[in-house]
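J.: Dropping a structure here in structure tokens format, bear with me for questions.
The values are calculated or read from the model by the stated rules, or taken from the named source; none is laboratory data. Remember, predicted model here, so these are calculated numbers, not experimental data. Cβ placement follows ideal geometry from the backbone for every residue including glycine, while neighbour counts extend to all protein chains displayed. Note: areas computed on protein heavy atoms with side chains; ligands, DNA, RNA excluded. Shrake-Rupley method; radii C 1.70, N 1.55, O 1.52, S 1.80 Å.
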Amino acid sequence: MRKLIVAAMLVTSGMMASGAMATEVHVTTVNPVIDLTISETVETPPDIATFSTGVQTLAPTASAAIRANNLQMASVVARLKALGIADRDIQTTQINLNQQFDYRDGQPIFKGYQASNMVNAKLRYLTKLGAFLDALAGDGATSFNGPTFGIDDDSRFREAARDKVWASAMNRARRLARKAGYNDVRVLRVEETDNQGRYAPMSIVVRASMNVAADKTTPIAPGELSVAASMSFTFEMVK
């Protein structure tokens with residue numbers, strides 16, 4: 001005989017999450033139990049790409065560096081919008097202003113002020129990504145980082161992964177039960193791990209000075225992403 005103590009959260013209507021009450025449900029089993037942790041994945045091509053891009057400018061004074069940077073960055077942001085990226089998919093991530101020095105014989109020589117501005121952008125049309133990066137380079141962007149590929153809405157893929165987990169767990173538990181002389185199993189406990197899909201990034205670096213032939217674009221290979229689900233189960237073996 002085995003007694004399981006299963007924690008449950010009871011939330012009454014209108015109660016805030018912070019006011020949730022925890023309770024314990026005691027489940028007593030007569031037969032042996034099986035504990036399993038199962039993980040499964042489903043593969044799917046990505047449908048979004050996130051990358052950062054920006055500009056760096058150098059000038060003798062701080063104000064001149066900022067002014068030049070603002071003008072150049074405005075051109076880059078305008079190009080992002082002209083290429084179909086919505087305002088909500090453009091986010092400023094970094095603005096810096098620093099003194100720059102050269103060193104001769106160990107002595108610093110003031111070089112000027114460097115201003116930089118970086119934004120993150122989300123592209124929803126991956127077939128345009130290569131031409132998109134090439135166009136930005138032509139509009140004054142001095143750096144790119146990324147892209148990181150992702151899935152805009154992975155809910156149906158995650159549900160498919162859960163279905164695979166459930167089927168695998170039931171099949172394995174039943175096989176184990178039959179080896180032990182039992183006919184079937186019943187589920188006593190299911191606990192899901194919050195296992196977010198691991199979207200493997202692919203990084204490229206494109207320089208503004210690159211020479212891109214008129215009929216060529218930066219090659220991009222999005223590949224596939226894995227969306228994962230993981231659950232822990234307790235089954236009781238039954239006759």
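J.: Is it fair to say Ile34 is modelled with pLDDT of 90 or more and closer than 30 Å to Glu191 by Cα?
T.: Numbers: modelled with pLDDT of 90 or more: yes; closer than 30 Å to Glu191 by Cα: yes.
Against the criterion (modelled with pLDDT of 90 or more and closer than 30 Å to Glu191 by Cα), Ile34 qualifies.
J.: Of the residues Asp102, Asp153, Asp134, which single one is assigned to a helix (DSSP H, G or I) and not aliphatic (A, V, I, L, M)?
T.: Asp134 is the lone residue from the list that is assigned to a helix (DSSP H, G or I) and not aliphatic (A, V, I, L, M).
J.: Is it fair to say Glu191 is surrounded by fewer than 16 Cβ atoms within 10 Å (Cβ to Cβ), in contact (Cβ under 8 Å) with a residue 40 or more places away in the chain and more than 30 Å from Leu71 (Cβ to Cβ)?
T.: Details: surrounded by fewer than 16 Cβ atoms within 10 Å (Cβ to Cβ): yes; in contact (Cβ under 8 Å) with a residue 40 or more places away in the chain: yes; more than 30 Å from Leu71 (Cβ to Cβ): yes.
Yes: the conditions hold for Glu191.
J.: Please determine whether any residue of segment 31-46 is open to solvent by 20 Å² or more (accessible area, probe 1.4 Å), more than 30 Å from Ala229 (Cα to Cα) and charged (D, E, K, R).
T.: no
J.: Considering Val212, Val205, Val227, Val185, which residue is at pLDDT 80 or above, farther than 14 Å from Phe149 by Cβ and either open to solvent by 40 Å² or more (accessible area, probe 1.4 Å) or not small (Gly, Ala, Ser) (or both)? Break it down stepwise before answering.
T.: Numbers: Val212 fails: at pLDDT 80 or above; Val205 fails: at pLDDT 80 or above; Val227 fails: farther than 14 Å from Phe149 by Cβ.
Every option except Val185 fails the conditions.
J.: Just a yes or no: is a residue in segment 152-160 polar (S, T, N, Q) and either open to solvent by less than 40 Å² (accessible area, probe 1.4 Å) or at pLDDT below 95 (or both)?
T.: Taking segment 152-160 as the starting set, the residues that turn out to be polar (S, T, N, Q) are 155.
Checking which are either open to solvent by less than 40 Å² (accessible area, probe 1.4 Å) or at pLDDT below 95 (or both) leaves us with 155.
Scanning segment 152-160, I find at least one residue that is polar (S, T, N, Q) and either open to solvent by less than 40 Å² (accessible area, probe 1.4 Å) or at pLDDT below 95 (or both), so the answer is yes.
J.: Thr93 - would you say it is hydroxyl-bearing (Ser, Thr, Tyr) and surrounded by fewer than 14 Cβ atoms within 10 Å (Cβ to Cβ)?
T.: Working: hydroxyl-bearing (Ser, Thr, Tyr): yes; surrounded by fewer than 14 Cβ atoms within 10 Å (Cβ to Cβ): yes.
Against the criterion (hydroxyl-bearing (Ser, Thr, Tyr) and surrounded by fewer than 14 Cβ atoms within 10 Å (Cβ to Cβ)), Thr93 qualifies.
J.: Could you say whether any residue in segment 140-147 is part of a strand (DSSP E or B) and open to solvent by 60 Å² or more (accessible area, probe 1.4 Å)?
T.: Residues of segment 140-147 that are part of a strand (DSSP E or B), as a first pass: 143-147.
Okay, now just the ones that are also open to solvent by 60 Å² or more (accessible area, probe 1.4 Å), so 145.
So far as segment 140-147 goes, yes, one or more of its residues are part of a strand (DSSP E or B) and open to solvent by 60 Å² or more (accessible area, probe 1.4 Å).
J.: Does Arg172 count as in contact with a Leu (Cβ under 9 Å, 6 or more places away or on another chain), open to solvent by 30 Å² or more (accessible area, probe 1.4 Å) and not in a strand (DSSP E or B)?
T.: On the way: in contact with a Leu (Cβ under 9 Å, 6 or more places away or on another chain): yes; open to solvent by 30 Å² or more (accessible area, probe 1.4 Å): yes; not in a strand (DSSP E or B): yes.
Here the answer is yes, as Arg172 does meet what is asked.
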